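One structure below.
Throughout, read-outs are computed from the coordinates displayed, never taken from laboratory work. Note that this is a predicted model, so its numbers are computed, not measured. Neighbour counts run over all protein chains shown; Cβ positions are idealised from the backbone, glycine included.
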Amino acid sequence: MVLVADGFETRETWPFECLRCLYVWEEDFVVRHLTDVHGNEVEIWLSSGVAVPPPWSDTCCPHCGAYHVTSFPSGYLTRHPELLPDPEPEPAPVFAPAAGEPGRMSTPRTNLPGRLLIALGVPLAVFVGYELYVNAVAVAHH
């Protein structure tokens, strides 16, 4: 049991950027600054009332789940709002076909990032091109 002699709370907003997907966001924290009867100081970081590690350790990107995250000085995003992501557009409504009309319900399509398509497509195109070349050379020699 630890007896706390003195303490106070502060509220802090920490801006972050994911170095993997470049997502930018802010998180609000309550920091309890406590001093026990022996003069030892401790900080307890809270997010939504739950104790969490300090924001400079183990921060996870809420967009892609990566742990490769950096933080900005407090208030940085209010001075640089251009860094904040654009708000997500409202999804288009999905309509069912009217009675008696053929068709199917359309589902919203998710777009793969261009980098992923390039990372998968270029090696595949090289492999297929090589196989076609080898087969063409083999047919020409027979």
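How much length would be gained if the chain were fully extended between Thr13 and Thr35, taking 0.36 nm per residue of separation minus their Cα-Cα distance, in nm to one decimal?
Values: separation 22, 0.36 × 22 = 7.92 nm, distance 2.30 nm.
Gain on extension, Thr13 to Thr35, equals 5.6 nm.
Within 10 Å of each residue's Cβ, count the other Cβ atoms and sort His63, His141, His38 from fewest upward.
Numbers: His63 14, His141 5, His38 8.
So the residues, fewest neighbours to most, are His141, His38, His63.
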**OP:** Mind giving me the nanometre distance, one decimal, between the label points for Thr70 and Val128, set 7 Å out from Cα along Cα→Cβ?
**Re:** 3.8 nm
Subject >> Compactness of the range 4-83 - radius of gyration and Dmax, Cα, Å >> reply: 14.8, 47
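Could you rank the peptides 68-80, 10-22 by their average count of other C-beta atoms within 10 Å per residue, with the highest value first?
Values: 68-80: 13.2, 10-22: 15.3.
Descending packing order for the listed peptides: 10-22, 68-80.
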**OP:** Could you work out how far apart the two model spin labels at Cys21 and Ser47 are, taking each label as a point 7 Å from the Cα in the direction of the beta carbon, and quote it in nm?
**Re:** 1.5 nm
